[in-house]
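Here, each number is a calculation from the coordinates, and none is a lab measurement. This structure is a prediction, so every number in the text was calculated from the model and none was measured. Please note: Cβ atoms are built from the backbone with ideal geometry, for glycine as well, and neighbour counts cover all protein chains shown.
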Amino acid sequence: MARLGRVRLANRSSAARWRLEKIGLRLLKQYTGRGTPRQNFTAASFFFGRATLPNVAAIATIRAAMIATRDLYHWLKKRDARTLALLKRFVEMESFTYEKAAVDSFAAAVAAEWKSCGATVRILPNRECGSHVRAEIDSATKSARAKPIMVLGHIDTVYPSGTLSKMPFRIANGYAYGPGTFDMKGGIVMALAAVDALQTMKVPAPKLVFLWTADEETGSKHSREIIEREARQSRAVFVLEPSFGPDGCAKTRRKGVGEAEIVVTGRSAHAGIAPETGINAVHELALQITRLLKWNDPRRGITVQANVIEGGTASNVVPASARALLDVRVARLSDMSRLNKKLHALKPILRGARIKVTGGLNRPPMERTRKTAELFARAQELAKEIGFQLGEASTGGGSDGNFTAALGIPTLDGMGAVGDGAHSPSEHIRISALSQRAALLAGLLASI
């Protein structure tokens with residue numbers, strides 16, 4: 001049975017400390033639920049030695065070790081109605097990325113909830129998009145201070161104001177439906193519930209920083225610098241984006257993502273009288289797309305797709321201009337700069353044509369590192385104690401976790417709600433998983 005916390009013993013050799021820790025934690029597991037907290041603590045301190053008793057951090061971690069993650073889950077399960085009520089209120093505050101006033105209003109509501117948890121809250125305004133929200137909870141003792149844990153998510157959605165009239169929040173057959181339930185207002189309420197559980201059950205946790213951004217759905221142009229600054233100061237990052245698949249897998253790999261535009265300039269002419277005097281921009285664009293198709297490499301996780309094309313004015317006119325929007329994705333960081341260089345080195349194929357390439361890959365891939373694997377293994381261990389199996393998955397979609405992982409910070413993504421239908425009229429979450437995921441997050445925050 002996994003427990004939250006591990007005692008660090010002073011004034012011992014490393015080998016002796018390891019042996020005593022192992023014996024002490026075994027004793028704690030044996031006594032959990034059998035004796036009073038005082039009895040458990042007294043028995044544990046016999047094994048850990050008198051030298052640890054004045055150590056506040058040691059006392060705190062002993063106490064945490066006696067609280068099972070499953071106890072957090074049972075407590076959270078009893079507050080499901082409260083969690084759902086908050087989810088309903090959040091969903092009914094529409095926050096379309098491009099509607100700054102709406103996002104600002106929702107940011108204020110999110111900030112107020114975190115203030116009620118005792119967090120130190122800062123609203124980070126931005127002229128170009130809605131306000132971001134930073135909440136910090138620091139209950140760690142001075143002797144236990146270390147780099148904080150970062151929890152990352154976003155408050156914007158893809159749904160314009162008025163969507164609720166066609167897609168209202170509703171509960172049916174164990175699921176909660178509505179715009180943003182899955183992506184990702186469900187994740188925000190989970191984080192609030194997790195902190196509530198830790199505080200109510202007096203489980204020690206390190207300094208926690210929660211960052212809720214306002215422009216994730218449009219590429220995080222205005223929040224990337226903030227995200228990376230916070231991540232550099234953190235020891236681990238949990239991203240509360242939606243989980244993967246019906247079983248709620250965590251995401252340990254994501255592709256790097258970018259958008260590029262190819263603009264072709266040719267020369268117009270009459271298609272019937274003097275086609276030879278023209279330079280067909282559509283033909284040039286078609287040849288370039290054919291060239292790009294050869295860059296696709298499924299085994300390496302590279303995809304280059306022309307998904308939007310425009311060109312021409314009439315069927316009897318040789319087109320003077322054409323353009324294509326490309327979706328570009330890579331699975332490996334090493335391929336990111338290589339592919340960008342190739343894109344910007346494209347040369348015209350038809351004589352006289354000119355091409356201009358802008359954009360490219362700007363969101364690095366999230367690769368599965370050893371440290372990420374260790375985070376996932378810990379999450380699996382805690383999930384098993386709660387009573388469910390946690391799988392892992394890779395996905396072609398990007399998130400803000402791509403930025404933190406690329407900095408070398410251990411990052412576990414897809415830790416949010418379990419559901420389906422993101423960005424669609426059927427968007428929903430599974431209600432029964434809310435307390436499970438909140439307990440999992442709480443256990444991770446208290447034990448890594």
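Using 0.36 nm per residue, how much length does the chain from residue 407 to residue 332 gain when fully extended, once their Cα-Cα distance is taken away?
Extra length from residue 407 to residue 332 when fully extended: 25.6 nm.
Counting other beta carbons within 10 Å of each residue's own, what order do 216, 374 fall into, fewest first?
Least crowded to most crowded, the residues run 374, 216.
Got a sec? Charge dipole of the stretch 225-313, +1 on Cβ for Lys and Arg, -1 for Asp and Glu; which of 274, 313, 246 is way out at the positive end?
Looking along the dipole axis, the top candidate is 246.
Please compute the modelled spin-label separation between residue 127 and residue 295, points set 7 Å along Cα→Cβ, answer in nm with one decimal.
Using points 7 Å along Cα→Cβ, the separation is 3.4 nm.
Would you mind calculating the gained length between residue 426 and residue 105 on full extension (0.36 nm times residue separation, minus the Cα-Cα distance), in nm to one decimal?
113.0 nm
Does a label point 7 Å from the Cα of residue 308, set along Cα-to-beta-carbon, have any residues of the stretch 408-444 with amide nitrogen under 19 Å, and which are they?
Within reach of a label on residue 308, which here means backbone N under 19 Å from a point 7 Å along Cα→Cβ, the stretch 408-444 contributes 423-424.
Just to confirm a number: summing +1 for Lys and Arg and -1 for Asp and Glu over residues other than residue 383 whose beta-carbon lies under 14 angstrom from that of residue 383, what do you get?
It works out to a net charge of 0.
Select from the stretch 310-369 those trypsin sites (Lys or Arg not before Pro) which occupy a DSSP coil region and have at most 14 other Cβ atoms within 10 Å, ordered by residue number.
Those satisfying the criteria are 351.
Exposure proxy check: 77, 221, 88 ranked by fewest other beta carbons within 10 Å?
Listed from fewest to most nearby Cβ atoms, that is 221, 77, 88.
Could I have the simple spin-label model distance between residue 225 and residue 263, label points 7 Å from Cα toward Cβ, reported in nm to one decimal?
2.6
Work out the charge dipole of the stretch 65-177 with +1 on the Cβ of Lys and Arg and -1 on the Cβ of Asp and Glu about the Cα centre, then indicate which of 75, 117, 162 is farthest towards its positive end.
75
Using 7 Å Cα-to-Cβ label points, what is the residue 384/residue 112 separation (nm, one decimal)?
A separation of 4.4 nm, rounded to one decimal place.
Rounded, prolate or oblate, given the Cα gyration tensor of the stretch 162-256, with a/c below 1.5 counting as rounded?
Oblate, since a/c reaches 1.5 and b/c is not below a/b.
Loop-only check: which trypsin sites (Lys or Arg not before Pro) in the stretch 173-210 are DSSP coil with at most 15 other Cβ within 10 angstrom?
Counting only loop positions with at most 15 other Cβ atoms within 10 Å, the trypsin sites (Lys or Arg not before Pro) in the stretch 173-210 are 202.
Which log10 I(q)/I(0) values does the stretch 307-378 give at q = 0.12, 0.25, 0.27 Å⁻¹ under the Debye formula, counting every alpha carbon as one identical point scatterer?
Listed by q, the Debye log ratios stand at -0.53, -1.17, -1.25.
Net charge within 13 Å of residue 89 by Cβ-Cβ distance, Lys/Arg positive one each and Asp/Glu negative one each, not counting residue 89 itself?
That works out to 0.
Just report the Cα centroid separation between the stretch 332-398 and the stretch 254-330, whole Å.
Cα centroid of the stretch 332-398 versus Cα centroid of the stretch 254-330: 24 Å apart.
Picking from 360, 345, 390, whose Cα lies most toward the positive end of the charge dipole for the stretch 330-395 (charges on Cβ: Lys, Arg +1; Asp, Glu -1)?
Looking along the dipole axis, the top candidate is 345.
Take 388, 182 and order them by how many other Cβ atoms sit within 10 Å, fewest up front.
Going from sparsest to densest Cβ surroundings: 388, 182.
FRET efficiency for residue 347 and residue 273, Cβ-Cβ distance as r, R0 = 45 Å, nearest 0.05?
0.90
In a shell of Cβ-Cβ distance under 13 Å around residue 291, excluding residue 291 itself, what net charge do Lys and Arg (+1) and Asp and Glu (-1) give?
Value of the local net charge: +2.
Nothing charged except the Cβ atoms of Lys and Arg (+1) and of Asp and Glu (-1): what's the magnitude of the dipole of the stretch 256-363 about its Cα centre? Round to the nearest 20 debye.
Around 520 debye, computed over the stretch 256-363.
Report Rg(Cα)/(2.2 N^0.38 Å) for the stretch 256-363, keeping two decimals.
1.17
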